[in-house]
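The values are calculated or read from the model by the stated rules, or taken from the named source; none is laboratory data. Note that the coordinates shown come from a computational prediction; the quantities given were computed from them, not determined experimentally. Cβ: placed from backbone, ideal geometry, glycine included. Neighbour counts: every protein chain shown.
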Amino acid sequence: MDVELIEIQEFLASHPPFDQLPEETLARLPRRLSVRYFRRGTPFPPEVPDPPCIYILRRGAVELRNMRGELVGKLAEGDLCEQHCRGTEDEPRLQCRTVEDTLVYVLPCSDLNELRATHPAFAEHFEQSTSRRLRKALDVVIESPPTGHGLMTVRVRDLIRRAPITTGPETSIREAARLMSEHHASSLLIMDGERLVGLVTDRDLRNRCIAVGRPTDQPVRSIMTETLTTVDVDTLGFQALITMTRLNIHHLPVIEDGRVVGLISSTDFTRLQSANAIYLVGDIHRADSIETLAQIGNKIAELQIHLILGGATATQVGQAISAITDAITLRLIELAEARLGAPPVPYAWLLGGSQGRREQSVHSDQDNALLISDEAKPEDEGYFAALARFVNDGLNACGFVYCPGEVMASNPKWRQTLRVWNKYFSNWILKPEPMALMLSSVFFDMRSLRDPKGLCEELHERIIEKSRANRIFIAYMAANALKNRPPLGFFRNIVLIQGGDHDHTFDIKHRGLIPIIDLARVYALSAGILENNTNERLQAAAERGALSRDGAANLIDALELIATLRMRHQAEQMRKGQPPDNFLAPDALSPLERRHLKDAFVLINTMQEALGQRYQTGRFT
């Protein structure tokens, strides 16, 4: 083989998907290629050739622009243009042109198809299902953590150590205690026939019987917990742990096909993992000062590192960190009320942004507000101002820094009655100005943490219905959702930050995550969906027909991939003693990760284009 053919073989061997071909196949491939040269400014690719071909960029660059002339991607060295070898009727129309003198290798589609038919690993690159490709990419990323922990893969059924210990609701408290002692059990399931009606724990015996002098001959139903959370046998152990952490409970009945088959407790997790979120939450609920809470808050970074090294995904980490933040916030509210006294009227503490969506990382600031009953009098303002300041200051001390935009309960603007909050949302919906759209992006993600009178639920349902019915508002939100574009082409540094502290990096949060979060919010608002978690919004949008099932699955996988890489980037920074941020250098990623990221970015851009066409967003920008 002459030197030129050897050079071509080496080039192909260093670029996907040709790196998946065996050496003997690669050695034959250069003789099947032809070479073409395109001057700068030439439309690309050329009209459908005869026979149809795939183009492999050897040198040069091709810009991809949408019909509005906006840059949406760039082909560079090693990239493929295979549109003549596959159907393109479902793809967005693009205007493509060389922006440098460009040299390409040309391979007939017939030869490409032969390679795909005989080499499955090579064929996977051309898999038409973006969902399948992204899912495989995500599996690769998740399956390659530095260490492993069982909770990421073990199912709840594997945590059950024995059949459930049960009794009926009319059993005496004394007999229930004897059963627990006999079986060395810390809890007892109360069954009415096949129906689970309650749970009694050691704590219930202490607090609801012995401590209050309740006669032990009374029925056990008098001290049992009736409102129970259950878990399915096939739930991941990590998800069960997060549920217990979020609710601050220590026992979960296990259900299979509607039937109780066991019970798991926090001690069952100790066998697999000695330090995790549920123990931090227990410490939080026992904390009696901001100083103690701040010490616990310092452990959150370590928790994120621990979870990432254990193979947790971004969804799992986000749920864990959010559960910790919820617990700290709730404990601060309790400490504030202990200091200030009982609130003069009912109120709800509102969570917005990433905490509201349960998608926090350790690098999160505060987004919160107070919703106060309309019963409030002017003199009540002092109480709620003091409560808000105590909680916001406490959160800052625990590592959740003040919101730069002051979207916090300590800001009087975001400490208002139900009547005022209704007016806020109505104005945002009826007059979608830039500031209104920005605030909508925060507050339409809200949920309540402490809301005994259901004030937030009443407000939330009302504003979701108003927004769904206002198509102009939805169109403005859609246009706003298209402002953050994925950094397609960053492998050639065309959209990387130049200069400063973040030279040659890109913002993976604002250029990768926010576009998907914004898309999910628009789909949710357009369909009247109450969920605020991004994955749940996308799933619900697919169920209601606001988004195709493939589109939802693709975005969910893209979100998980991008967010997991972001979490790993932050964990690596914290391991090195550096403050975590969202600025990722492409050189820090493997070639495989870069390729998969490009898949995700192309998908996001395609979905953004589709949303823009649906709402004709050009009229609202």
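Could you run through the range 30-50 and say how many residues are without any contact (Cβ under 8 Å) to a residue 60 or more places away in the chain and not in a loop (DSSP other than H, G, I, E, B)?
Taking the range 30-50 as the starting set, the residues that turn out to be without any contact (Cβ under 8 Å) to a residue 60 or more places away in the chain are 30-31, 41, 43-50.
Restricting the remaining residues to those that are not in a loop (DSSP other than H, G, I, E, B) gives 30-31, 43.
Count: 3.
Just one of (1) in contact with a helix residue (DSSP H, G or I) (Cβ under 6 Å, 6 or more places away or on another chain); (2) closer than 24 Å to residue 369 by Cα; (3) surrounded by fewer than 20 Cβ atoms within 10 Å (Cβ to Cβ) fails for residue 447. It is (3).
The number of residues in the range 357-367 being crowded, with 22+ Cβ neighbours inside 10 Å and either closer than 16 Å to residue 406 by Cα or not assigned by TED's automatic domain parsing to the domain that holds residue 410 (or both) comes to 2. Of all residues assigned to the range 501-521, at least one qualifies as being more than 20 Å from residue 436 (Cα to Cα) and either touching a Ser or Thr at 6+ places or on another chain (Cβ under 6 Å) or of a type in the set (Lys, Arg) (or both).
Among the conditions (1) more than 19 Å from residue 560 (Cα to Cα); (2) buried (at least 17 other Cβ atoms within 10 Å of the Cβ); (3) polar (S, T, N, Q), the only one that residue 498 does not satisfy is (2). Among residues of the range 465-491 being touching a Gly at 6+ places or on another chain (Cβ under 9 Å) and surrounded by fewer than 19 Cβ atoms within 10 Å (Cβ to Cβ), the one that is nearest to residue 513 (Cα to Cα) is 468.
If a residue counts only when it is in contact with a strand residue (DSSP E or B) (Cβ under 9 Å, 6 or more places away or on another chain) and surrounded by 23 or more Cβ atoms within 10 Å (Cβ to Cβ), which helices (runs of 4 or more DSSP H) contained entirely in the range 287-348 have at least 2 such residues?
Numbers: elements: 290-297, 300-309, 314-340.
The qualifying helices (runs of 4 or more DSSP H) are 314-340.
If you go through the range 172-194 and pick out every residue that is under 15 Å from residue 263 (Cα atoms) and either part of a helix (DSSP H, G or I) or touching a helix residue (DSSP H, G or I) at 6+ places or on another chain (Cβ under 8 Å) (or both), you end up with 6. For residues in the range 562-580 being of a type in the set (Gly, Ala, Ser) and assigned to a helix (DSSP H, G or I), which is farthest from the chain's Cα centre (by Cα)? Restricting to residues being of a type in the set (Gly, Ala, Ser) and assigned to a helix (DSSP H, G or I), the top hit is 571. Residues in the range 544-561 include none that are farther than 22 Å from residue 610 by Cα, under 14 Å from the mean Cα position of the chain (by Cα) and surrounded by fewer than 24 Cβ atoms within 10 Å (Cβ to Cβ). Kindly check whether there is at least one residue in the range 452-472 that is of a type in the set (A, V, I, L, M), assigned to a loop (DSSP other than H, G, I, E, B) and either within 30 Å of residue 334 (Cα to Cα) or in contact with a Pro (Cβ under 8 Å, 6 or more places away or on another chain) (or both). Taking every residue of the range 452-472 in turn, none turns out to be of a type in the set (A, V, I, L, M), assigned to a loop (DSSP other than H, G, I, E, B) and either within 30 Å of residue 334 (Cα to Cα) or in contact with a Pro (Cβ under 8 Å, 6 or more places away or on another chain) (or both). When every residue of the range 317-329 is checked against the conditions, none turns out to be within 16 Å of residue 399 (Cα to Cα), more than 26 Å from the chain's Cα centre (by Cα) and acidic (Asp, Glu). Take residue 69 and tell me if it is modelled with pLDDT under 90, within 34 Å of the chain's Cα centre (by Cα) and in a strand (DSSP E or B). It is false that residue 69 is modelled with pLDDT under 90, within 34 Å of the chain's Cα centre (by Cα) and in a strand (DSSP E or B).
Among the residues examined, residue 570 qualifies as closer than 29 Å to residue 449 by Cα, of a type in the set (S, T, N, Q) and buried (at least 23 other Cβ atoms within 10 Å of the Cβ). Take the conditions (1) within 18 Å of residue 56 (Cα to Cα); (2) at pLDDT 70 or above; (3) charged (D, E, K, R); residue 127 misses just one of them, which is (2).
Going by the structure shown, is residue 578 under 22 Å from residue 501 (Cβ atoms) and without any contact (Cβ under 8 Å) to a residue 12 or more places away in the chain?
Working: under 22 Å from residue 501 (Cβ atoms): yes; without any contact (Cβ under 8 Å) to a residue 12 or more places away in the chain: yes.
In short, yes.
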